[in-house]
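Q: So that we are looking at the same thing, I have put the structure below in structure tokens.
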Amino acid sequence: MAFTNYKNIADVLKSFPLSYQEQDFIQKIEFKCDEYFVSRLNTVIQEGIVFNSEYAICENIISPILTEVWRGYIQSFLIWSHQPLNYDENLSGVPDYVVAQRSPRGKVVLEKPYVIVVEAKKDNFEEGWGQCLAEMLAAQKLNNDPSKKLFGMVSNGKLWEFGVLQEEMFTKNRKYYVLENLEELMGAVNFLFAESLAQLLN
């Protein structure tokens, strides 16, 4: 079944032996935003056509923020855009973005995913999380190491929510983050990269 067929978190829990809880797990990590990046992003938001489609949101908001944080982890991770992720017939499809370990064989090889990012189509976060959790589960199974944390993000560009899957427990962060508070938002994204790096190096 395709990831998009899971319409909410409950759909995933009914199909797989997972449990759900809500708990703030994101710790505050300072992230100093580059002034040129902030200026350019603000220009795009104020003057560009940004929120008219899911593609525009991905290209103009989500991707630039991911990429800006990723710059600090460029030796360890790659960001894959709309790359197929297939475990079996029940867990297959194309995530919007996957942050994966950089392969020693070159940047054309998709290695272990650590972060899954989904754009909330039509601001539907419930459906976005159903899709994201299914993608996280597929990534966990492909990684073959359920003890490691696997992170997820769902965003409509303006609002960002975070989750983590470890073993058979999915935890959704109670606090959400907003584009208007860019430094705090990017600090949360940076936390996911930092935690992923710590697991990679461990």
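The values are calculated or read from the model by the stated rules, or taken from the named source; none is laboratory data. Values in this document were obtained by computation on a predicted structure and should not be read as measured data. Cβ sites come from the backbone with ideal geometry, for glycine too, and all protein chains shown count toward neighbours. The area values use the complete protein model at the heavy-atom level, side chains included, leaving out ligands, DNA and RNA. Shrake-Rupley method; radii C 1.70, N 1.55, O 1.52, S 1.80 Å.
Q: Report the relative contact order of region 77-179, percent, no decimals, based on alpha-carbon pairs under 8 angstrom and at least 6 residues apart.
A: On the way: 215 pairs, mean separation 21.0, N = 103.
That works out to 20 percent.
Q: Still on this model: Could you calculate the contour length gain from ALA10 to SER147, that is, 0.36 nm times the residue separation minus the distance between their Cα atoms, to one decimal place in nm? Before the final figure, lay out the partial values.
A: Details: separation 137, 0.36 × 137 = 49.32 nm, distance 2.23 nm.
That pair, ALA10 and SER147, stretches by 47.1 nm at full extension.
Q: How many lysine pairs in the chain, separated by 8 or more positions in sequence or lying on different chains, have Cα atoms less than 17 Å apart?
A: Qualifying lysine pairs in the chain: 14.
Q: Taking just the alpha carbons, could you work out the radius of gyration and Dmax for region 1-70, both in angstroms?
A: Radius of gyration, then largest Cα-Cα span, for region 1-70: 17.5, 47 Å.
Q: Any chance you could run the full-extension gain for ARG105 through GLN46? It's 0.36 nm times the residue separation minus the Cα-Cα distance, nm to one decimal. It would help to have the intermediate numbers written out before the result.
A: Values: separation 59, 0.36 × 59 = 21.24 nm, distance 4.12 nm.
Gain on stretching ARG105 to GLN46: 17.1 nm.
Q: State the answer as a single residue: which of ALA134, GLN21, SER76 lies farthest towards the positive end of the charge dipole of the chain, with beta carbon charges of +1 for Lys and Arg and -1 for Asp and Glu, about the Cα centre.
A: Projecting each Cα onto the dipole axis, the largest value belongs to SER76.
Q: Quick one: net charge around ILE9, please, counting Lys, Arg +1 and Asp, Glu -1 for every other residue with C-beta under 14 Å from its C-beta. Could the numbers behind the result be given before it?
A: On the way: positive: LYS7, LYS14, LYS172; negative: ASP11, GLU22, GLU126, GLU127, GLU135, GLU161, GLU168.
Spelling it out: positives minus negatives among the neighbours equals -4.
Q: Let me ask another. Please list, in order, the residues from region 177-194 whose amide nitrogen is less than 13 Å from a point placed 7 Å along the Cα→Cβ vector of ARG71.
A: none
Q: So in the chain, what percent of DSSP beta bridges are antiparallel if you round to the nearest 5?
A: Values: 24 of 34 bridges.
For the chain, the DSSP antiparallel bridge percentage is about 70.
Q: Relative contact order of the chain, please, whole-number percent, based on alpha carbon pairs below 8 angstrom and at least 6 residues apart.
A: Values: 376 pairs, mean separation 56.1, N = 202.
Rounded, it is 28 percent for the chain.
Q: If you don't mind, another one. Find the centroid of the Cα atoms in region 164-202 and in region 1-59, then give the distance between the two in whole Å.
A: Here the answer is 11 Å between Cα centres.
Q: Over every pair of different alpha-carbon atoms in the chain, take the mean of 1/r and invert it; report that Kirkwood radius in Å. Don't skip to the end; give the middle numbers.
A: Details: mean 1/r = 0.0590 Å⁻¹.
Result for the chain, one decimal place: 16.9 Å.
Q: Can you check what the net charge comes to around GLU22, using other residues whose Cβ is under 9 Å from the Cβ of GLU22 (Lys, Arg +1; Asp, Glu -1)? Don't skip to the answer; put the middle values down first.
A: Numbers: positive: LYS172, ARG174; negative: ASP24.
Counting the neighbours of GLU22, the net charge comes to +1.
Q: A further question on this structure: Just the accessible area for ARG174, please: 1.4 Å probe, Å², rounded to the nearest 10?
A: The accessible area of ARG174 comes to roughly 140 Å².
Q: If you roll a 1.4 Å probe over region 9-76 with all protein chains in place, what percent of the accessible area is carbon or sulfur? Before the final figure, lay out the partial values.
A: Numbers: 2080 of 4420 Å².
Carbon and sulfur together cover 47 percent of it.
Q: Okay, moving on. Using the C-alpha atoms of region 71-181, what convex hull volume per residue, in cubic angstrom, is computed? Each step should come with its number before you reach the end.
A: Working: hull volume 12.9 nm³, N = 111.
Here the figure is 116 Å³ per residue.
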